[in-house]
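See below for the structure under consideration.
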Amino acid sequence: MFPYSPLDPARNQIRLLRPLWDLNETMQPSVLREPERVVVEQNIPAQLLEFELQVVSLDDKPKYTALSYVWGKEAAGMKKIRLDGIDFHVGANLHSALCHIHNGDISPAIWIDAVSIN
């Protein structure tokens, strides 16, 4: 289990993930076009999927993007991201979404239901 810090309902707190990579960097894989084929290179270093989990108050009107995705059985397709330096398992579809969006789309923070809610 991930060690979540408690939320204070009186302060309308939520947990946000702040990406720990260069704000100008894209996370999309590079695509090489060669005659009669397309090659997709996964040049996404593992450290690009590192986040810092922060507790914030909605009363402070924080800026963030919300992401919800399809729930279901994904035990065989679990992938790792890093939260506060700790491995955190997410579904393959969430991992794929995080790999294919630009940091600018989630900057300065993102709320992800399956990660932000304990």
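Could you tell me whether region 68-80 includes any residue that is modelled with pLDDT of 60 or more, part of a strand (DSSP E or B), in contact with a Gly (Cβ under 9 Å, 6 or more places away or on another chain) and surrounded by 12 or more Cβ atoms within 10 Å (Cβ to Cβ)?
Within region 68-80, one or more residues are modelled with pLDDT of 60 or more, part of a strand (DSSP E or B), in contact with a Gly (Cβ under 9 Å, 6 or more places away or on another chain) and surrounded by 12 or more Cβ atoms within 10 Å (Cβ to Cβ).
Inside region 55-64, can you point out the residues that are touching a Lys or Arg at 6+ places or on another chain (Cβ under 7 Å) and over 8 Å from ILE14 (Cα atoms)?
Across region 55-64, the qualifying residue is only ASP59.
Of everything in region 79-115, what is at positive phi and not acidic (Asp, Glu)? Give them in sequence order.
GLY85
So that you can scan it fast, the table gives a plain yes or no per residue for (1) at pLDDT 90 or above; (2) over 15 Å from the mean Cα position of the chain (by Cα):
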residue: PRO3; (1), (2): yes, yes
residue: PRO6; (1), (2): yes, yes
residue: PRO9; (1), (2): yes, yes
residue: TRP21; (1), (2): no, no
residue: SER30; (1), (2): no, yes
residue: VAL39; (1), (2): no, yes
residue: GLN42; (1), (2): no, yes
residue: VAL56; (1), (2): yes, yes
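Could you check how many residues of region 92-118 are surrounded by 15 or more Cβ atoms within 10 Å (Cβ to Cβ), in a loop (DSSP other than H, G, I, E, B) and at pLDDT below 85?
Summing the residues that are surrounded by 15 or more Cβ atoms within 10 Å (Cβ to Cβ), in a loop (DSSP other than H, G, I, E, B) and at pLDDT below 85 in region 92-118 gives 2.
The values are calculated or read from the model by the stated rules, or taken from the named source; none is laboratory data. Since the structure is predicted, the reported quantities are computational estimates derived from the model, not experimental observations. Positions of Cβ are backbone-derived with ideal geometry, glycine not excepted, and every protein chain shown enters the neighbour counts.
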